[in-house]
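To start, the structure itself, in C-alpha cells.
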Amino acid sequence: MNQFTVITGVSGSGKSTLAFDILFNEGQRRYLLTLSSHAKSIIQNSRKTNIGKVINLPPTIAIKQHKGLGNYKSTVSNISEIHNFLRLIYAKLGEQHCHICKTFIRTHTVDQITVKILQDNYNQNIIVFSPISIKNLKNHIEKKDTTPFFLNNKLITQQKLRILNLSDDIIIEKLIGNIIVKNEKEEELRELVNIAVKTSDGFIKVISIKNTNIHVIDIESISDILIQQKTNEKFFNAKLACLNCNTILPTLEPLLFSHNSKNGCCPICKGTGINITNKNNKESSEDISLCNKCNGKRLNEEALSVYWKGYNIADILSMSVDRAIDFFENVQISSRESLIAKDILLEILSKLNFMKKVGLDYLELNQPEPTLSGGE
Ligand SMILES: [Zn+2]
Ligand SMILES: [Zn+2]
C-alpha cells in the first residue's frame with residue numbers, strides 16, 4: 001500500500017494479466033460487493049477471478065496505455081501543435097523560390113516599392129514604365145490608347161506599334177510617368193507605382209537618371225536621355241509569378257505548408273509521405289515504401305521551395321526535438337522578423353522544451369503517430 005510497484009518481465013509473461021485481470025479485476029469486484037443491491041443492479045459485476053488468495057486489496061482503478069489510434073498523416077509536430085506555429089513562420093517570413101526554375105521570387109506591395117524607390121533614388125529623376133504582355137498590348141491598341149509605348153528604351157509610334165511583329169520575346173513598355181523623388185512627392189510617387197502595377201498586372205520598371213540637372217523630361221527626349229545619360233534600371237514584382245519562367249506561384253499562407261491540406265500536400269502520396277502497395281491483393285502483405293515524389297517530405301514542391309534561414313519546412317520537421325531546440329535557440333532574428341514572429345517563436349520553443357522535459361527529446365518532429373509507443 002502507498003508504494004509504487006513496477007511489474008517487469010518479457011513480453012507475454014503475464015504482466016498485463018497480473019495487473020488488469022487479477023489485481024484490478026478482483027479489487028473492483030470486491031469493492032462492488034460492498035455497495036447497495038440497487039447499485040449492484042446497475043453496475044454489472046465482474047466475474048470472480050480464479051486465484052488462490054489475495055488479501056488487503058483496496059478498491060482499484062486501472063489506466064490502460066493508449067496506443068495505435070493515429071494514422072500516418074498525424075505526426076509528433078501535429079500532436080504537439082508545433083506544426084501549426086511553424087506554418088505561420090513560413091507563411092509570414094518564408095522566402096519563396098520558383099518551384100520550377102528555382103529563381104528567388106522577390107515580391108513587393110505598392111507601399112514597399114514606393115518606400116524602396118524613396119530610399120534608393122532620393123532627389124533623382126525617375127521614369128516609370130509598365131512592362132506589358134503581348135496579349136494586354138493588343139487590348140491597349142484596340143482601345144486606341146495613346147500613351148507612349150517603348151521598345152528597348154526607344155519610343156515607338158502608334159503606327160509602328162500596329163505593324164510590329166508581336167512575338168513573345170519582345171517586351172513593350174508603357175510609359176507611366178516621370179517624377180523627381182522627394183519626401184513631399186511620396187503620394188504622387190505611390191500613385192505612379194500603383195498605376196504601373198495595375199497596367200502590367202504586377203510588374204514595374206524604374207529607370208533613374210544619375211544626372212540630377214535634368215529635372216523636366218518631355219516624352220520625345222526620353223529616348224535620347226536613356227541612350228545618352230547614365231541610368232540605372234530596376235524591376236519590381238508585385239505579383240506572385242516567376243519572371244524567369246512565367247510560372248504562377250501560390251500565395252504564402254499557412255495551408256500551403258500543411259500536408260493535411262490539398263494546397264500543401266504532395267500530389268502523389270496525398271501527404272502521408274509513403275506509398276502503400278498491396279502485394280497479391282492480400283491485405284496482410286502490404287508493402288510500405290517512401291513516396292518517390294516527395295521523398296517522405298509529404299509536401300508539394302511549391303511548399304518545399306519556400307525557405308527560412310536556409311531551411312524549408314520539411315528540413316525543420318526532420319529535426320529531432322533536441323536539434324530543433326538548438327536551432328530555435330540560436331537562430332538569428334532580424335528586428336523585422338522579431339516584430340512579426342517573436343511570440344510564435346517563443347511558443348515553438350516552449351512546446352519543444354516541454355517535450356524535452358518529459359524525456360522525448362530524441363523524437364523526430366515528423367515521426368508518424370503509429371510509430372510512437374504508448375508511453376511516448
Ligand atoms: Zn521560374
Ligand atoms: Zn509524396
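The values are calculated or read from the model by the stated rules, or taken from the named source; none is laboratory data. Here the structure is a predicted model, which is why all the values come from computation and not from measurement. In this analysis, Cβ positions are derived from the backbone assuming ideal geometry, glycine residues included, and neighbour counts consider all displayed protein chains. Ligands, DNA and RNA are stripped out before the accessible areas are found, and what is left, the full protein with its side chains, is counted by its heavy atoms. Shrake-Rupley method; radii C 1.70, N 1.55, O 1.52, S 1.80 Å.
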Report task. List the number of the failed condition for Thr49; all other conditions in (1) in contact with an Asp or Glu (Cβ under 6 Å, 6 or more places away or on another chain); (2) open to solvent by 60 Å² or more (accessible area, probe 1.4 Å) hold. Result -> (2)
Query - 2 or more residues touching a strand residue (DSSP E or B) at 6+ places or on another chain (Cβ under 7 Å): qualifying strands (runs of 3 or more DSSP E) within the stretch 106-202 - result: 125-132, 149-151, 172-180
Report task. Give the residues of the stretch 131-160 that are among the aromatic types (Phe, Trp, Tyr) and out of contact with any Asp or Glu (no Cβ under 6 Å at 6 or more places or on another chain), sorted by residue number. Result -> Phe149
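Let's see how each residue does on (1) farther than 28 Å from Thr103 by Cα; (2) open to solvent by 40 Å² or more (accessible area, probe 1.4 Å); (3) within 16 Å of the chain's Cα centre (by Cα):
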| position | (1), (2), (3) |
| --- | --- |
| Glu302 | no, yes, yes |
| Asp315 | no, yes, yes |
| Arg323 | yes, yes, no |
| Ile348 | yes, no, yes |
| Tyr362 | yes, yes, no |
Requested in this report: For the stretch 228-246, indicate whether the set of residues that are among the β-branched types (Val, Ile, Thr), open to solvent by 40 Å² or more (accessible area, probe 1.4 Å) and touching a strand residue (DSSP E or B) at 6+ places or on another chain (Cβ under 8 Å) is non-empty.
Outcome: yes
Query raised in the report: Quick one: how many residues across the stretch 119-146 are open to solvent by 20 Å² or more (accessible area, probe 1.4 Å) and either within 16 Å of ligand 1 (Cβ to nearest atom) or touching a residue at least 40 places away in the same chain (Cβ under 8 Å) (or both)?
Result: 6
Report task. Hey, can you tell me all the residues within the stretch 100-118 that are on the phi < 0 side of the Ramachandran plot and either basic (Lys, Arg) or buried (at least 20 other Cβ atoms within 10 Å of the Cβ) (or both)? Result -> Ile105, Arg106, Ile113, Thr114, Lys116, Ile117
Query raised in the report: Of Thr277, Thr251, which residue is outside the structural domain of Asn125 (by TED's automatic domain parsing), surrounded by fewer than 13 Cβ atoms within 10 Å (Cβ to Cβ) and either touching a residue at least 60 places away in the same chain (Cβ under 8 Å) or within 16 Å of ligand 2 (Cβ to nearest atom) (or both)?
Result: Thr277
Query - Flag for Arg298 being open to solvent by less than 70 Å² (accessible area, probe 1.4 Å) and of a type in the set (Lys, Arg) - result: yes
Requested in this report: Could you pull out the residue among Leu93, Leu69, Leu88 that is closer than 30 Å to Lys270 by Cα and either within 16 Å of ligand 1 (Cβ to nearest atom) or at pLDDT below 90 (or both)?
Outcome: Leu69
Query raised in the report: Looking at this structure, is Ile313 within 16 Å of ligand 2 (Cβ to nearest atom) and more than 19 Å from Leu365 (Cβ to Cβ)?
Result: no
Query raised in the report: So which of Ile113, Ile105 ends up being closer than 27 Å to Glu337 by Cα and within 16 Å of ligand 1 (Cβ to nearest atom)?
Result: Ile105
Query - Matching option when the condition is more than 16 Å from ligand 2 (Cβ to nearest atom), of a type in the set (D, E, K, R) and assigned to a loop (DSSP other than H, G, I, E, B), among Asp322, Asp361, Asp343, Asp326 - result: Asp361
Query - Matching option when the condition is crowded, with 16+ Cβ neighbours inside 10 Å, of a type in the set (A, V, I, L, M, F, W, C) and assigned by TED's automatic domain parsing to the domain that holds Glu337, among Ile89, Ile22 - result: Ile89
Query raised in the report: Only one residue in Leu349, Leu345, Leu363 is touching a Ser or Thr at 6+ places or on another chain (Cβ under 7 Å), under 15 Å from Ile82 (Cβ atoms) and in the same structural domain as Asn260 (by TED's automatic domain parsing), so which one is that?
Result: Leu363
